[in-house]
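The values are calculated or read from the model by the stated rules, or taken from the named source; none is laboratory data. Here the structure is a predicted model, which means the values were calculated and not measured. Cβ placement follows ideal geometry from the backbone for every residue including glycine, while neighbour counts extend to all protein chains displayed. Areas reflect the complete protein model, heavy atoms only, side chains present, ligands, DNA and RNA absent. Shrake-Rupley method; radii C 1.70, N 1.55, O 1.52, S 1.80 Å.
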Amino acid sequence: MPSAEMQNPLLSEWTGALELPPFEAIRPEFFRPAFDRALADHRAEIDAIAANPAAASFENTIAALERGGRALERVASVFFVLAGADTSDEIETIERAVSPLLARHSNALYLNRALFSRIADLYAQRGALSLDAEQARVLERYHTRFIRSGAALDQPAQDRLAAINERLASLGTQFGQNVLSDEKSFAMVLEEGDLAGLPDFARAAARAAADERGHPGKYVVTLARSSIETFLQFSSRRDLREKAFQAWIARGENGGATDNRTLIAEMVALRAERARLLGFANFADYRLDDQMAKTPQAVRKLLDDVWGRALTKVAVERGGLQAMIAEEGGNFTLAPHDWRYYTEKLRKARYDLDEAEIKPYFQLEKMIEAAFDTAHRLFGLSFEPVDAALYHPDARAWNVTDAQGRHVALFIGDYFARPSKHSGAWMTALRDQERLTGDIRPIVLNVCNFSKPAPGEPALLSFDDAHTLFHEFGHGLHGMLSDVTYPLLAGTAVPSDFVELPSQLYEHWLEVPEILEKHALHARTGEPMPKALLDRLLATRTFNQGFATIEYTACALVDLDLHSLADASALDVADFEREDLERIAMPPEIVMRHRLPHFQHLFSGGGYAAGYYSYMWSEVLDADAFAAFEETGSAFDPATAKRLHDYVYSAGNRRDPADAYKAFRGRLPTADALLKKRGLVDAAPSPR
Ligand SMILES: [Zn+2]
């Protein structure tokens, strides 16, 4: 072995303090050779399993696959933690080079015929293998993954599938770049006199955007969501709102090189073809077959019910806004570019809420304590801060133990924004839980982008930020409490319409009075939030939900209809969108949250194609699951918490999500609690 490789700390096991990666010894130049070596090792392991002359057994095939690739997992987990939370030019360069290598590696695994024939043999005789329930589930998961990747197809079909995947990948990249290009090329340059209605923070942002774009002394509104939505909310200049809004909804539909409509038609046709090759009638059938929802019909049933009620609710909201226009002496009909502006006015008139009044009650340190306290009361967990050498001084670690004092996990919180960190918030892991190669406990991270305070000042969160902290901590618990044998099933490795249940559910405890009274204390006075303020804060959460529901659900319905086409070869995207919106009676004052020509969830990558419904599906689950606690009269009912622990938070992907949910709740979820949460419960479905 060459000495350079011997010294590469990324290739050794983590035997140091707290079993953490040796962060202080890691340098960017170690990653590429470590990836090359780990990929080659894993490939050799896979080839050896596939070429084993012995007949396939669970042990020599499935368990062997589960034991393999550990070096690659270690290298990749450290790398992607850094690429997300503390990146650099060097890391980004390595990322561009390594991502296609990893994709190719995965294709080579799932299209390996010799390996698949061993898995198929095992699957065919699964009833005679004396497998326990978890082993049977792992075997079924491997078999399904290989089948859904095309492992069982003949060579010409596999070749066609590979060509389709490659073409879809490049169209997806082009789609995203076109949207970005349309966003970049629009800037509405304004003078001081054009700013009527804009609050100070919006003026400052528009001023900064103007400086950045070479218009010193002026103001610029861009098509970034934070810029345009703020302008639409506050600007009293109806002419300017209309101009900006029209540009916003036309992204990807402006003709010329950045027009996405023909790309969409090709992508939808390719997806339909791929689904047919794999034996499905259309892409939505293919996509949903391996989700909790299972069928487009199940999704449609939920969306149609919510949609009908939201139409009724939104008609009431529209009436309130039109009345406000009349009161002001406006002689016009409410238009899409008016909705946010009049909604903001109504919100202020009705609730009189000021962000500056709220924030001092949500100190970061207290909200971390609140999240820990909730986990203690529900699951008996304790959190002890530990000194750990991590990748950045802002990242902190806690040792997590259970009620018997046993080690459960190491939890790392990395809360503050910095230039080296990607935007957003996420949960990830340096190591997943498993018992196959020993009692391996997880190392779980939460990464957020809260504003860092000046030295000596407390870090303060908005109410939305506090929700984000609880959300990511819910994902974190799903990883930390994981209790499975096989790594494939660990923690958050569940279908995408189930994975947001533990996170969205956890947010409910932030609004539990006992938690707020104990932890939402004013940064200066230490006093809890006055009841009246808390009531106003919570009351705004059903305000304007008709609009929000319509804006979202229209997208989910159009997504489902588009990807249910069996043959999309003659698709005209503009006609399709218009006709489908007519079919569902889309209110003319509201535009889809994402129109098709810039719907990146569906076409930039495609992770949410025929899957945009997932957000609402998970919301049905989380609202229904929290109602299980409410029905007992206690948000911390021990028996309910134990079932939640056993069947959801610790269960990983040990069983089908619908079965897991039923075991927790005693029945499948209903949409009742979601309708209540969104204020739609009294809204009768509107006939259409
Ligand atoms: Zn989430």
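Descriptive notes on the structure:
- Contact map, segment 363-376: first residue more than 21 Å from E527 (Cβ to Cβ), second residue part of a helix (DSSP H, G or I), Cβ cut-off under 7 Å, separation 6 or more or different chains; pairs are A371/L469; A371/F470; A371/F473; T374/W509; T374/I515; A375/L477.
- Of all the residues in segment 399-430, those that are open to solvent by 20 Å² or more (accessible area, probe 1.4 Å), away from the ligand (no atom under 16 Å from the Cβ) and either more than 23 Å from P487 (Cα to Cα) or in a loop (DSSP other than H, G, I, E, B) (or both) number 10.
- Evaluation of L469 against (1) in a helix (DSSP H, G or I); (2) more than 16 Å from the ligand (Cβ to nearest atom); (3) hydrophobic (A, V, I, L, M, F, W, C) (one fails), failing number: (2)
- Scope segment 218-229; condition open to solvent by 20 Å² or more (accessible area, probe 1.4 Å) and of a type in the set (A, V, I, L, M, F, W, C); matching residues: A224
- Residue among G252, G279 that is crowded, with 22+ Cβ neighbours inside 10 Å, modelled with pLDDT of 95 or more and part of a loop (DSSP other than H, G, I, E, B): G252
- The requirement of being out of contact with any strand residue (DSSP E or B) (no Cβ under 8 Å at 6 or more places or on another chain), more than 16 Å from the ligand (Cβ to nearest atom), of a type in the set (S, T, Y) and modelled with pLDDT of 95 or more is not satisfied by S462.
- Residues that are open to solvent by 20 Å² or more (accessible area, probe 1.4 Å) and touching a Phe, Trp or Tyr at 6+ places or on another chain (Cβ under 6 Å) within segment 437-459 comprise just one, K452.
- Pairs where the first residue, in segment 277-290, is in contact (Cβ under 8 Å) with a residue 60 or more places away in the chain and the second is β-branched (V, I, T), C-beta under 7 Å, 6+ apart: L288/T295; L288/V299; D290/T144
- Filter result for the condition that a residue is open to solvent by less than 50 Å² (accessible area, probe 1.4 Å), in a helix (DSSP H, G or I) and farther than 20 Å from Y552 by Cα, over D285, D338: D285
- Qualifying residue in segment 71-92 (condition: loosely packed, with under 15 Cβ neighbours inside 10 Å and either hydroxyl-bearing (S, T, Y) or more than 32 Å from the chain's Cα centre (by Cα) (or both)): yes
Each row is one residue, and each column tells you yes or no for (1) open to solvent by less than 40 Å² (accessible area, probe 1.4 Å); (2) assigned to a loop (DSSP other than H, G, I, E, B); (3) not aromatic (F, W, Y).
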{"position": "A204", "(1), (2), (3)": "no, no, yes"}
{"position": "P216", "(1), (2), (3)": "no, yes, yes"}
{"position": "F231", "(1), (2), (3)": "yes, no, no"}
{"position": "T262", "(1), (2), (3)": "no, no, yes"}
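- Among the residues of segment 183-196, those identified as at pLDDT 90 or above and open to solvent by less than 50 Å² (accessible area, probe 1.4 Å) are F186, A187, M188, L190, D194, L195, A196.
- Residue match in segment 472-483 (condition: assigned to a helix (DSSP H, G or I) and away from the ligand (no atom under 14 Å from the Cβ)): yes
- Elements of the type helices (runs of 4 or more DSSP H) sitting completely within segment 580-660 and holding at least 1 residues that are in contact with a Pro (Cβ under 8 Å, 6 or more places away or on another chain) and surrounded by 18 or more Cβ atoms within 10 Å (Cβ to Cβ): these cover 614-632.
- Considering (1) surrounded by 18 or more Cβ atoms within 10 Å (Cβ to Cβ); (2) touching a helix residue (DSSP H, G or I) at 6+ places or on another chain (Cβ under 6 Å), the lone condition that Q433 does not fulfil carries the number (2).
- Members of segment 118-146 found to be without any contact (Cβ under 8 Å) to a residue 12 or more places away in the chain and either in a helix (DSSP H, G or I) or not small (G, A, S) (or both), listed by number: A124, Q125, G127, A128, D132, A136
- Of all residues making up segment 431-452, the number that are away from the ligand (no atom under 16 Å from the Cβ) and more than 12 Å from P487 (Cα to Cα): 4
- Answer from V268, V316 - the residue that is part of a helix (DSSP H, G or I) and open to solvent by less than 30 Å² (accessible area, probe 1.4 Å): V268
- Residue satisfying all of: in segment 495-514; of a type in the set (D, E) and within 12 Å of the chain's Cα centre (by Cα); farthest from the ligand (Cβ to nearest atom) among these: D497
- Condition check for T492: outside any helix (DSSP H, G or I), open to solvent by 10 Å² or more (accessible area, probe 1.4 Å) and more than 16 Å from the ligand (Cβ to nearest atom): no
- Filter result for P455 (on the phi < 0 side of the Ramachandran plot, under 13 Å from the mean Cα position of the chain (by Cα) and more than 12 Å from the ligand (Cβ to nearest atom)): no
- Among the residues of segment 170-202, those that are outside any loop (DSSP other than H, G, I, E, B), farther than 30 Å from T262 by Cβ and in contact (Cβ under 8 Å) with a residue 40 or more places away in the chain comprise L190, D194.
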